[in-house]
Every structure is written in structure tokens, then in C-alpha cells.
1. Please verify whether Phe91 is under 14 Å from the mean Cα position of the chain (by Cα), aromatic (Phe, Trp, Tyr) and open to solvent by 10 Å² or more (accessible area, probe 1.4 Å), treating the condition exactly as stated.
2. Residues of the range 1-43 being in contact (Cβ under 8 Å) with a residue 24 or more places away in the chain, over 25 Å from Ser138 (Cβ atoms) and polar (S, T, N, Q), which ones?
3. Quickly run through the range 53-74 and pick out the residues that are in a loop (DSSP other than H, G, I, E, B), of a type outside the set (D, E, K, R) and either crowded, with 16+ Cβ neighbours inside 10 Å or in contact with a His (Cβ under 7 Å, 6 or more places away or on another chain) (or both).
4. Six or more apart or on different chains, Cβ under 8 Å: which pairs go from a residue in the range 77-90 that's under 17 Å from Ser193 (Cβ atoms) and assigned to a loop (DSSP other than H, G, I, E, B) to one that's modelled with pLDDT of 95 or more and of a type in the set (A, V, I, L, M)? Could you list them?
5. Tally up the residues in the range 154-198 that are closer than 28 Å to Ser88 by Cα, open to solvent by less than 70 Å² (accessible area, probe 1.4 Å), in a strand (DSSP E or B) and out of contact with any Phe, Trp or Tyr (no Cβ under 6 Å at 6 or more places or on another chain), please.
6. In the range 1-34, which residues are charged (D, E, K, R), open to solvent by 40 Å² or more (accessible area, probe 1.4 Å) and over 16 Å from Asn71 (Cα atoms)?
Amino acid sequence: IFDVGANRGQSIERFLNINKNLIIHAFEPNPDEYKSLIKKFSINKNIYLNNIGVSENKESMDLNVTINSGNSSFYNIKKDTDWIKIRSKQFKTNQYDFIKEKIKVKCDTLDNYCYENKINQIELLKIDTQGFEDKVLSGASNLINNKKIEFIELEIMLDEVYEKTMSFHEIETKLQNKYKLYGIDYQGFKNLSEGYMFALDALYVKK
């Protein structure tokens, strides 16, 4: 299993509850959250923790680290939206200070990572990268085109939290008609008129 955007290990724990013997490769660019992953999971020899981001190129990028680390992204947060106003109040700050710092992080592609580590098959690729999911898929084009991934689970943010808004079209274009939508899990509100956030988790399966 590949966990791209591991954050504090929430998905790792979910996977281990299914099967404690899974081999998991986790990627988390935020150094503070990476340290917490080390404390939680370094004893497990089946879990490979990587303090890098995943992108469409091997490069260094600026990561916007937010007060709530789960909202950190390579994209800037859009100002004056209901989302940022509400989230800022929840964390007792303002929309201009919600991003607490920008840090330079190293990124790699999944194609390159798998080549260097001699990984030929991924059972499940989970991506939660706050609007950067399409870039992660771009860096896995070889894996996707050759159907080396069985399932792809990713977050799709359809609202305007970040300066870039995601769409199904962008995701499915990257999947090159090699995968089909298998299931959807909504994260709270099912449309923009219900609330301030419209996002979902989509599960794709290899055709």
C-alpha cells in the first residue's frame, strides 16, 4: 500500500486494522508530522516512512504549513471564503495567519520511487494531498498506463479552499481510461449549498 499524504498516520492505522502484516510506503513532507510518524510506526519493519512530497517531477517545492497540519498544501489557501473564515475561528486565528510558515521540501515521483526501490505492483494507492492529487497521478503515469496499481483512493476537493479547484475531469484524464470509478464517500456536505466545504473520497479500480 502507498499512503501519499500520511499526515499523522490516520490511514496507516486504518490499513493496519484491516491487516497488520501489510507492507506500507508512507510519504509525508511536513517534518513535524514525519517525526510523529517515526514515533508511532518506526518499530514496524513493514512500514517505510519517507519525509518527502510526491509530485509530477523530482524537485524541491514550497509547502504551505497550516495551523491545522492536515490542511497543509503546495497550493496557497484562497482568502475570503466561508471555509477559511470558519476554519480560522475554529483554530483561534485569522485567515491571514492560518498558514503559519512556508518550508522548502524535496519531492519525487511515484514512478521514480518504484523504479529505485524495485516495486512492480501497488495494491492500493491512497492520495490525500489537499488539491495536489492530479500532480501525484502525473508522476505515476508509467504505473497507471501499465496498470501496476490495483486500486486508487483519493480525495477530490470540489470547493474553493485552495487557489486551484479540483474536478473529476482532471482526475479521470490522468487515469487514461485505464481505471473506472468504483465508489464515493462524501466528507460531510454533499453540495456547496449545504455548507462551506464540498469534498469527497473517490475509489477507482483497474479495468
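1. Spelling it out, it is not the case that Phe91 is under 14 Å from the mean Cα position of the chain (by Cα), aromatic (Phe, Trp, Tyr) and open to solvent by 10 Å² or more (accessible area, probe 1.4 Å).
2. Asn21, Ser36
3. Ser55, Ile67, Ser72, Phe74
4. none
5. 4
6. Within the range 1-34, Glu13, Arg14, Lys20 meet the criteria.
Here is a yes/no grid of residues against (1) surrounded by 13 or more Cβ atoms within 10 Å (Cβ to Cβ); (2) closer than 18 Å to Asp159 by Cβ:
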residue	(1), (2)
Ile77	yes, yes
Asp82	yes, yes
Lys104	no, no
Thr109	yes, no
Asn120	no, no
Gln130	yes, yes
Val136	yes, no
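The values are calculated or read from the model by the stated rules, or taken from the named source; none is laboratory data. Predicted model only: the values in this text are computed from it and were never measured. For neighbour counting, all protein chains shown are included, and Cβ atoms are generated from backbone atoms with ideal geometry for every residue, glycine included. Keep in mind that these areas ignore ligands, DNA and RNA; they rest on the heavy atoms of the full protein, side chains included. Shrake-Rupley method; radii C 1.70, N 1.55, O 1.52, S 1.80 Å.
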